[in-house]
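Notes for the one structure printed next.
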Amino acid sequence: MIEIDHLTKDFGRIVAVRDLCLSVPAGEIFCFLGPNGAGKTTTIKMLTGLLRPTAGSARIGGLDIQREPVEAKKLMGYIPDMPYLYERLTPEDFFIFTGDLYRVPRDKVLEEREKSFELFGINDYRYTLIKDLSHGMRQRLIYAATLLHEPRVLFVDEPLIGLDPYTIRLIKDLLREKSRGGMTVFLTTHILALAEDIGDRIGIILEGRLHALGTLGELLERGGGRNLEEVFLKLTAKPGRL
């Protein structure tokens, strides 16, 4: 579902992503890890069409994100680490607005709204202006709205920032359920326990290059650690740090 071919992005003298090659099949939860500034968010922004690569290409469901951007974006959902929501809308308004953007039939939007608002606990806030919602409630709303058009690929940048334990469990269970149904999930996170818990495969990027790739078991064997945290620190450590 995701094919990355020698993807590179530089910002003048700074090379954020270097010659990245990667393939992610349908139904996989792929966790993309790395230190701050390693190139994780830049990669996601290129895959979603928000940044144009300096070199290389990326395909979503076989569609080149640069040559066929509209068709490719119809297949995906994207939840950034700091989502933008229209603060003068209510959750009801925002949900309908999102459905209109993706041309989802209105009857389906209304049906899914009731299911999603119940699942995410939004019902009591459906008429509240978004500007008055808590961070956690905003995050719940963005998940509900992003999944409305049933994307085949979901990109999530730091999925658990600022969430309470109940919502964390809800999101983890939801991602597992969606992947079992065939959705490809590509997420970045600094919470290594999350990658251990739900990741089918894990990639570690360092200084813009893919530094390690494999299942949790494969990475533990390569890094010689007892858990992902130990392996991650060993693989990404600068000389003299560890």
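For this structure, a couple of remarks:
- All positions within the range 26-65 that are in a loop (DSSP other than H, G, I, E, B), modelled with pLDDT under 95 and among the polar types (S, T, N, Q): Asn36
- Residue among Glu196, Glu177, Glu207, Glu229 that is within 24 Å of Asp81 (Cβ to Cβ) and in contact with a strand residue (DSSP E or B) (Cβ under 8 Å, 6 or more places away or on another chain): Glu207
- Scanning the range 193-203 for residues being among the charged types (D, E, K, R) and in a helix (DSSP H, G or I) gives a total of 2.
- Consider the range 204-242 and keep the residues that are part of a helix (DSSP H, G or I) and β-branched (Val, Ile, Thr). The one that is modelled with the lowest pLDDT is Thr236.
- The listed residue being of a type in the set (Ser, Thr, Tyr), more than 24 Å from Thr189 (Cα to Cα) and in the same structural domain as Arg180 (by TED's automatic domain parsing), out of Thr54, Thr8, Thr41: Thr54
The values are calculated or read from the model by the stated rules, or taken from the named source; none is laboratory data. Only a predicted model underlies this, so the values are computations on that prediction, with no experimental measurement involved. Glycine also receives a Cβ, built like all others from the backbone with ideal geometry; neighbour counts cover every protein chain displayed.
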